[in-house]
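Undergrad: Pasting a structure below so you can have a look.
The values are calculated or read from the model by the stated rules, or taken from the named source; none is laboratory data. For clarity, every value in this text was computed on a predicted model and none was experimentally measured. Methodologically, a virtual Cβ is constructed for each residue, glycine included, from the backbone with ideal geometry; neighbour enumeration extends over all protein chains shown.
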């Protein structure tokens, strides 16, 4: 079938990256990133960006795209990955998308809302208004023009309240109405083959713990110290990567290193559990793997056989 796209989805520490490499080698593929933390520069260890050795084995694209002071969205990622997918097809290779960010994968596969990009004028007007009044007051203004959206947003959520008001200001159509319109697929010609890794929770917990210990050995703490020295806004997405807030608390002398590590492992485990739940119930796969992936030639052969039969 024309225009195949392989997607490898699963929770953190489940072995997605290794599976992507093994498949890319076998199928002349190019690996494309679908992880919302690996798109940022500055934390290659804590966000588990592919190593130099990994990149020497097979080509990886869309990693470390943005500076860590940038606040990107799913739309930014879609605008990057769609032309990359088409570029890989033109090279007569197979795009292999790997990541654990369900929102990214869902929008790529099923489409995204047709909300237009707002104008610079609307953005500037909204930012000016925010500088004059509180976000709570802006939330009240939003309630007047889009009560449905205002009702589901916290009055303290500056980013989402601003965005909702900006959309109304620019289009005169409430965000709640935009969300009810038919989804638009960014790459409708793609034929997706989805592989899902859904391991046993106990096995995944152990992998999460071991991986964080390895990250510390590789220099994760120094990464966070560099972030602290950069004095970035701690509400930025890159500052919320797994392990960053906890190690920052240690750097700020608020908790001990032992407490920071324990908290980071706990939060990583909780995040992986949420990912498991989402992938189990929200993502339909062509091929399920019910354990964490380690290089397995027989499994790769089985996947390739299924891919060739279905694509």
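Undergrad: Quick check on my filter: what residues within the range 1-57 are over 14 Å from residue 195 (Cα atoms), outside any loop (DSSP other than H, G, I, E, B) and within 14 Å of the chain's Cα centre (by Cα)?
TA: Listed by number, the residues that qualify are 32, 33, 40.
Listed here are the residues, each with its yes/no results for (1) in the same structural domain as residue 16 (by TED's automatic domain parsing); (2) part of a helix (DSSP H, G or I); (3) out of contact with any helix residue (DSSP H, G or I) (no Cβ under 9 Å at 6 or more places or on another chain).
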site	(1), (2), (3)
205	yes, yes, no
221	yes, yes, no
227	yes, yes, no
254	yes, no, no
293	yes, no, no
298	yes, yes, yes
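Condition check ((1) within 20 Å of the chain's Cα centre (by Cα); (2) farther than 30 Å from residue 110 by Cβ; (3) modelled with pLDDT under 95; (4) surrounded by 19 or more Cβ atoms within 10 Å (Cβ to Cβ)) across all residues:
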{"residue": "189", "(1), (2), (3), (4)": "no, no, no, no"}
{"residue": "212", "(1), (2), (3), (4)": "yes, yes, no, yes"}
{"residue": "218", "(1), (2), (3), (4)": "no, yes, no, no"}
{"residue": "236", "(1), (2), (3), (4)": "yes, no, yes, no"}
{"residue": "248", "(1), (2), (3), (4)": "no, yes, no, no"}
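Undergrad: For the range 229-252, give me the residue count where each residue is under 26 Å from residue 292 (Cβ atoms) and assigned to a helix (DSSP H, G or I).
TA: Qualifying residue count, the range 229-252: 5.
Undergrad: Related question: Please enumerate the residues belonging to the range 256-278 that are more than 24 Å from residue 99 (Cβ to Cβ) and either in contact with a strand residue (DSSP E or B) (Cβ under 9 Å, 6 or more places away or on another chain) or in a helix (DSSP H, G or I) (or both).
TA: Across the range 256-278, the qualifying residues are 257, 258, 259, 260, 261, 262, 263.
This table checks each residue for (1) touching a residue at least 60 places away in the same chain (Cβ under 8 Å); (2) assigned by TED's automatic domain parsing to the domain that holds residue 96; (3) within 28 Å of residue 229 (Cα to Cα).
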site: 9; (1), (2), (3): yes, yes, no
site: 16; (1), (2), (3): yes, yes, no
site: 19; (1), (2), (3): yes, yes, no
site: 25; (1), (2), (3): no, yes, no
site: 32; (1), (2), (3): yes, yes, no
site: 36; (1), (2), (3): yes, yes, yes
site: 40; (1), (2), (3): yes, yes, yes
site: 49; (1), (2), (3): no, yes, yes
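Undergrad: Continuing with the same structure: When you go through (1) within 22 Å of residue 11 (Cβ to Cβ); (2) loosely packed, with under 15 Cβ neighbours inside 10 Å; (3) in contact (Cβ under 8 Å) with a residue 40 or more places away in the chain one by one for residue 304, which number turns out not to apply?
TA: (1)
Undergrad: Give the range 158-185 a look and list any residue that's part of a loop (DSSP other than H, G, I, E, B) and surrounded by fewer than 18 Cβ atoms within 10 Å (Cβ to Cβ), or say none.
TA: Result: 172, 173, 179, 180, 181, 182, 183, 185.
Residues are listed down the side, and each one gets a yes or a no for (1) surrounded by fewer than 16 Cβ atoms within 10 Å (Cβ to Cβ); (2) touching a strand residue (DSSP E or B) at 6+ places or on another chain (Cβ under 8 Å); (3) assigned to a helix (DSSP H, G or I):
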{"site": "117", "(1), (2), (3)": "yes, no, no"}
{"site": "123", "(1), (2), (3)": "no, no, yes"}
{"site": "128", "(1), (2), (3)": "yes, no, yes"}
{"site": "131", "(1), (2), (3)": "yes, no, yes"}
{"site": "138", "(1), (2), (3)": "no, no, yes"}
{"site": "141", "(1), (2), (3)": "no, no, yes"}
{"site": "144", "(1), (2), (3)": "yes, no, yes"}
{"site": "150", "(1), (2), (3)": "no, no, yes"}
{"site": "156", "(1), (2), (3)": "yes, no, no"}
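Undergrad: Further question on the same structure: Consider the range 158-198. How many of its residues are in contact (Cβ under 8 Å) with a residue 60 or more places away in the chain and within 30 Å of residue 88 (Cα to Cα)?
TA: 16
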